[in-house]
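Worksheet: one structure, shown below.
The values are calculated or read from the model by the stated rules, or taken from the named source; none is laboratory data. Note that the structure is a prediction, hence the values are computed from the model and not measured. Using ideal geometry, Cβ is built from the backbone for each residue, glycine included, and neighbour counts are taken over all protein chains shown. Just so you know, the surface numbers come from the protein's heavy atoms only, side chains and all, with ligands and any DNA or RNA stripped out. Shrake-Rupley method; radii C 1.70, N 1.55, O 1.52, S 1.80 Å.
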4 protein chains.
Amino acid sequence: MKAVVYKGPFDVAVEQVPDPTIQHPNDVIVKITSSCICGSDLHMYEGRTAAEPGIVFGHENMGIIQETGNAVKTLSPGDRVVMPFNVACGFCKNCQRGFTGFCTTVNPGFAGGAYGYVAMGPWVGGQAEYLQVPYADFNCLPLPEGTDNEADYALLAELADVRPGESVAVFGAGPVGLMAAYSCVIRGAAEVYSIDHVKERLDKAAEIGAIPINFDQGNPVNQIKDLRGDGVDKGVDAVGYQAAAAGSSAAGGEQDEVPNIVLNQIIDVVNPTGALGIPGLYVPTDPGGVDENARNGALSINFGRLFEKGLRLGTGQCNVKRYNAYLRDLIAAGKACPSFVVSHEVPLIDARDAYIKFDKRIDGYTKVILNP
Amino acid sequence: MKAVVYKGPFDVAVEQVPDPTIQHPNDVIVKITSSCICGSDLHMYEGRTAAEPGIVFGHENMGIIQETGNAVKTLSPGDRVVMPFNVACGFCKNCQRGFTGFCTTVNPGFAGGAYGYVAMGPWVGGQAEYLQVPYADFNCLPLPEGTDNEADYALLAELADVRPGESVAVFGAGPVGLMAAYSCVIRGAAEVYSIDHVKERLDKAAEIGAIPINFDQGNPVNQIKDLRGDGVDKGVDAVGYQAAAAGSSAAGGEQDEVPNIVLNQIIDVVNPTGALGIPGLYVPTDPGGVDENARNGALSINFGRLFEKGLRLGTGQCNVKRYNAYLRDLIAAGKACPSFVVSHEVPLIDARDAYIKFDKRIDGYTKVILNP
Amino acid sequence: MKAVVYKGPFDVAVEQVPDPTIQHPNDVIVKITSSCICGSDLHMYEGRTAAEPGIVFGHENMGIIQETGNAVKTLSPGDRVVMPFNVACGFCKNCQRGFTGFCTTVNPGFAGGAYGYVAMGPWVGGQAEYLQVPYADFNCLPLPEGTDNEADYALLAELADVRPGESVAVFGAGPVGLMAAYSCVIRGAAEVYSIDHVKERLDKAAEIGAIPINFDQGNPVNQIKDLRGDGVDKGVDAVGYQAAAAGSSAAGGEQDEVPNIVLNQIIDVVNPTGALGIPGLYVPTDPGGVDENARNGALSINFGRLFEKGLRLGTGQCNVKRYNAYLRDLIAAGKACPSFVVSHEVPLIDARDAYIKFDKRIDGYTKVILNP
Amino acid sequence: MKAVVYKGPFDVAVEQVPDPTIQHPNDVIVKITSSCICGSDLHMYEGRTAAEPGIVFGHENMGIIQETGNAVKTLSPGDRVVMPFNVACGFCKNCQRGFTGFCTTVNPGFAGGAYGYVAMGPWVGGQAEYLQVPYADFNCLPLPEGTDNEADYALLAELADVRPGESVAVFGAGPVGLMAAYSCVIRGAAEVYSIDHVKERLDKAAEIGAIPINFDQGNPVNQIKDLRGDGVDKGVDAVGYQAAAAGSSAAGGEQDEVPNIVLNQIIDVVNPTGALGIPGLYVPTDPGGVDENARNGALSINFGRLFEKGLRLGTGQCNVKRYNAYLRDLIAAGKACPSFVVSHEVPLIDARDAYIKFDKRIDGYTKVILNP
């Protein structure tokens, strides 16, 4: 089958690779209909991880069941399904408690697995024609038949823990940040601030009812406090370790990186007793880090300030399984349309060009779906 | 001052009563600008409680601070404020844990106080020109200056505990039921069913995005299960002990009462592991109960079914203080407009006529605000 | 193999039945080392359910893995395991959210399955030499090798939701009630009251640090309020629908049954804003119910009082999987020894006699483990 | 009256200061019977904060009500009471939600107040004969009459959020760390590790059932992982910013300080999906910090590791009001005796000597109560 293969920094190719097969009785094979390029794929693409050439990318996958292992109970060929990016078993200590992003079964020696991602286990990615899905009864979420809302379902993502009436600052208006802001709006937040410096992204934020803040026009913390006369209840870091300094170019690989800037800004902007959610990626080893500390994943955090304010902080990969059935139902009921974040849908065969443009954020590339 | 005084079953009058005064250093006097008639006032109005003639009604009150006691810290004359219907001290064991509907200080020998309500303590109601508010720093919620959103703020009510993507059935589309349905919509429910048999109410439910179910057209549980092919995640009983049987007249006092009908219907319609919320009023003694059991507040509940489904159930007066600041911020941000439930605003002086029409649900009376 | 087979009301026999076999790739066969007789087995034994002759009893099972299906990942022959009484798949909507007592996969058309229990699915009980366990990676909890703490592990049961410093009244001091009281003690409750009228049970309650209350010596609610000068924070009904009136004989089948007595007593004894936990069994149809309502699982509940106090209430089968790993670790660390509730360990072959004595509560039979 | 007055680094004196008076109708004056010296007093004592000479120390206070303001409702002269170290109003946005450690009323411009502590508002400390307590109905917790359990009640401290059966590592076995470990034991933790290098402290940890780990004998993370073959579920940092490197002298002021060592160790020792609780003090400005970053409260944190493990983290002053009534009831019921941490009770007049010895950890000084 055809698949997107990593060749080295800033280089992917669509190549022929072996078709996946049923390897365990709980497996299914899915014929991919949509697979997204995620901002976290760019970390690998840019050579900012330990990923070796040869890996097939793609962890946001949906499609049609092609074949089922003989232990699979609830799925049949022809079923339309979407999979969390996490690969999980459903029965280990972490999965049992809902922490499906930290499964200890699927990636021995580590807590957490994913499709097509460095260090996340042996699972081949879905930017391809077919995908092997293990523990399929657990990992496949059934969708309504047909092709309605294809792009919406491809984006089943997290609903942040925000209460109605709260105010939230979401740093980063890439796909993860926009989805986080959108979730806050859906959950009844009173005010959602969306911080970025890419015009197209800030426009999309405004479209869904968030208040756009351009950090090239001044410290975003001060901008928000000036508007509100106060900080906010909750802060979200949807940027991660490749954070850009104000005024730097928006293009990947060329910006001035300040890896702790967003963390210290959310500490600043959130009111005492508030909470910080950090879906943006931080890594323990970064070959391209700006200094020795950054290369080892150590960041200078204003911990005294954090403590004085009594803030809580949650980190780590989302546990998608916890909420994706609810989001599916919101989409089916017409209450959520996350596909607004998608800027381009392109054939799988054109993936190389899509990676180049998405990485450079040119031609309005903010979120890409590949269609095999 | 003028106030709405209970004279006996189906009879209120606007009469002259003594002006309230500061009786404790933590008191304030509020000049009332809006005071709602609540469906629970009708329980007293109809003689279905132990209320004695002479009581001044009114527990949904807002206005302008007129005078402050010498221990009051954060409020000044001229401040615009709204008060929860609960009267609470802020420091007893229950208030400390957020159960401000069950204060043990303000109504000695009982847990819970309210303005102008039988058995809820000595607090005079606010369907009047002025109101004494105790523990004012705790009980008064400051509002933005001016007169914007007057009717919205007058309705600061509860946000039900619903998660995004869930389905909910709300029995009763009176003001409490409509507000509960509206809260579910704001919080991101996928589907909200609103059950009643009064046309104007069902129309309002449809307006805010709920799915209206008329129980005169068949068992509402079956109607919902037919539409969904399944039950719902959460059920809300916003009706209480004066529940009407299907087909009975809508007018108060003339309907066929079946006090346990809604309770057993929500047990039926909610899926296993789901939750039941019961803001509708049930009372331990009801002089007008349909039989001896009902008169003692004992109802026949399908407990075996409830247990088999593993349902959870929460009851009791709302603890308004927990969320009214958040709802205020939603209103101020233009994200919530609860005043859609208000059918009429009338001068205080016309309260007698308003009670008659609201009680009979004639001339479209579904929710009335009195303006002194 | 030999197994305990239900022959009809008040009659079981140890008979030869077919050996279980692997029927699905996720199954294992367990060689039983211990299987308890549960108080809820007596509901079937006494003919108080729809159970038909021929059913093999036993839902509290532990043993050694004998054989594994070819999809089983984490278990091998020779592993020592214990199983929750619930049979669950691990991947349906309810299991995913931790409600493993309400699995929708293992008992089609119903939410919830169990071994050897009427209406709980096709699963044969474990009061036998061998047991088929489906979805074995999910349902089997591994135990330390060897035979240490055999009786403790056989009793992995629920830890009630009690906070340190709270006061709790647990109605019923049979095995479930004693375990609930013991859990409260372990979790740091300040005072635990244990209500029963069987001397041996009240003695055991005192042994673990609970305060015994004999309901034959007066209304237990009054006894507790007299001791404390107040009600309690939490109430637990570990009795269920076959509740005995005060003064009635302790022997099963001969007591005066008052099915709603305990429910109304916990409503009485718990303070406003408190919570009621109801692990005791209530059923939607009871062939031996005291009246027409009871036969349909409808009970007269003091709902007005419940509402006035703002009580919360949780019901249903325990979701054992949620906590059994934690309780295993407490036992392994020597911090919990639930085997104190066991009065007798007898060979499987003597099960008939054990049922007779346990049902009559004679010869000190309070909890029995069968050893094949 | 006599009081402990800060004179400058490493210098306090017992001096005559003005008696406190009722300054607001909600105030009371308490005659102090016990006031503890807290490890956080030593931060000021050692000159490691911005505290100016003249401040009266003492935030862990109990005594007898001497006089009440005219708005006080529930307290009378003669009542025995204990006060949280936080000063709180009970009605601001933070207090309402239980965050009484972050009151916005009592210390204008800052969230949080305390008695006798730098930057925590104008409140005079209780290492003195009398104490002014504002918002007394809210801040005073009534105790049983008499003098029983005086030392126990003086130590009403936090119960960490630990679930039965979990494993916990508590860094620091000073009073806060010992109390945290003790709380975990009371709440039913399966294993509690207590890390320190002072022999007397480790002995006390062993006494209450914790497993002592001496960090002078090797990296405590490795020691724990070697013992368990795994990390732990929860980690507690009860040390704070003056953390000592392994092998350094135990005496205050002379040790090798490594301010981020404990934070990075708890990140290391806690398993993925676990939680970190940080009651140990971190400050935004530290005049005596080991380097420029430390002086500004910025610490190098292994954030990539924290993220990869998906850990949660809670910080800040305890909100004592949330749980002190429960702990009082545990003490009254004989289920908790926190006074085991007290090494010395000395007359107020001897406070100077007690500070010297406690600061140097000589003569077994681990926790001191001053009795006026």
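First check a/c for the stretch D:15-173, with a ≥ b ≥ c the square roots of the eigenvalues of its C-alpha gyration tensor; if it is under 1.5, answer rounded, and if not, answer prolate when a/b is larger than b/c or oblate otherwise. Verdict is rounded for the stretch D:15-173.
According to the square roots a ≥ b ≥ c of the eigenvalues of the Cα gyration tensor, what is the shape class of the protein assembly as shown, taking rounded for a/c under 1.5, prolate for a/b larger than b/c otherwise, and oblate for the remainder?
Working: a/c = 1.15, a/b = 1.02, b/c = 1.12.
Taking the square roots of the gyration eigenvalues as a ≥ b ≥ c, the protein assembly as shown is rounded.
Please tell me which of these pairs span more than 31 angstrom C-alpha to C-alpha: B:Lys199/B:Lys309; B:Lys31/B:Lys367; B:Lys335/D:Lys234; C:Lys73/D:Lys225; C:Lys73/D:Lys234; A:Lys204/B:Lys234? The pairs that break the limit, which is 31 Å between Cα atoms, are B:Lys199/B:Lys309; B:Lys335/D:Lys234; A:Lys204/B:Lys234.
Rounded to the nearest 500, the 222 nm mean residue ellipticity of chain A from helices alone is -6000 deg cm²/dmol, with -39,500 (n - 2.57) taken per DSSP H run of at least 4 residues. Within the same chain, lysines fewer than 8 places from C:Lys7 are excluded, and of the rest, those with a Cα less than 21 Å from its Cα are C:Lys357, C:Lys360. Of the residues D:Ile349, A:Ile22, D:Ile224, D:Ile186, ranked by 1.4 Å probe accessible area with the largest first, the sequence reads D:Ile349, A:Ile22, D:Ile186, D:Ile224. Label-to-label distances for C:Ala325 across copies, nearest first, come out at 2.0, 3.6, 3.8 nm, using points 7 Å from Cα in the beta-carbon direction. Using heavy atoms of the protein chains and a probe of 1.4 Å, the accessible area assigned to C:Asp148 is about 110 Å².
Determine the sum of side-chain charges near A:Val106: Lys and Arg each +1, Asp and Glu each -1, restricted to other residues whose C-beta is under 15 angstrom from that of A:Val106.
Details: positive: A:Lys93, A:Lys321, C:Lys73; negative: A:Asp27, A:Asp137, C:Asp137.
Local net charge: 0.
In terms of the ratio Rg/(2.2 N^0.38 Å) built on C-alpha atoms, what value belongs to chain A?
Values: Rg = 19.9 Å, N = 372, 2.2 N^0.38 = 20.9 Å.
Against the empirical 2.2 N^0.38 Å value, I get 0.96 for chain A.
Annotation for C:Gln217 and C:Ile64: the two label points, set 7 Å from Cα along the Cα-Cβ direction, are 4.8 nm apart. The Cα center of the stretch B:115-135 and the Cα center of the stretch A:164-215 differ in position by 43 Å.
Mind running the shape call on the stretch D:20-62? Use the C-alpha gyration tensor, a ≥ b ≥ c as the square roots of the eigenvalues: rounded below 1.5 for a/c, prolate if a/b tops b/c, oblate otherwise. Write down the numbers at each step before the final one.
Values: a/c = 3.28, a/b = 1.74, b/c = 1.89.
Here the stretch D:20-62 falls in the oblate category.
Under 8 Å for C-alpha pairs, at least 6 residues apart: give me the relative contact order for chain A, rounded to a whole percent. Relative contact order here is 18 percent.
Centroid-to-centroid, using Cα positions, the stretch B:315-368 and the stretch A:261-275 are 38 Å apart. GNM on chain A, alpha-carbon springs under 10 angstrom: the most fluctuating residue among A:Arg228, A:Arg187, A:Arg48 is A:Arg228.
Could you compute the longest span of chain B free of GluC sites (Glu not before Pro) located in DSSP loops and having at most 12 other Cβ atoms within 10 Å, not counting the site residues? Show your work: numbers first, answer last.
Numbers: sites that count: B:Glu145, B:Glu254.
The segment B:1-144 is the longest one with no such site.
Helices of chain A meeting both criteria, an alpha-carbon length of 15 angstrom or more along the long axis and an average Kyte-Doolittle score not below -0.5, with helices taken as full DSSP H segments, are A:175-186. Projecting 7 Å from Cα along the Cα-to-Cβ direction, the label point of A:Lys7 sits 7.9, 8.0, 9.3 nm from its equivalents in the other copies, listed shortest first. Each other copy places its own label point for A:Asp203 at 4.2, 7.4, 8.3 nm from this one, sorted shortest first, where the point lies 7 Å along the Cα-to-beta carbon line. Please check which bits of the stretch A:122-147 a label hung off A:Asn371 would reach, taking the label as a point 7 Å along Cα-to-C-beta and the cut-off as backbone N under 17 Å. What the label zone holds, given the 17 Å backbone N cut-off, is A:127-130, A:146-147.
Label points 7 Å out from Cα along the Cβ direction at C:Arg228 and C:Ala50: separation in nm? Placing both labels 7 Å along Cα→Cβ, they lie 3.9 nm apart. Just the number, please: percent antiparallel of the DSSP beta bridges in the protein assembly as shown, rounded to the nearest 5. Counting DSSP beta bridges with both partners in the protein assembly as shown, the antiparallel share is about 60 percent. For C:Ala119, neighbours were defined as the other residues whose beta-carbon sits under 15 Å from its Cβ, and their charges (Lys and Arg +1, Asp and Glu -1) total -1. Between A:Asp363 and C:Lys93, the FRET efficiency from the beta-carbon distance, with R0 = 51 Å, is close to 0.75.
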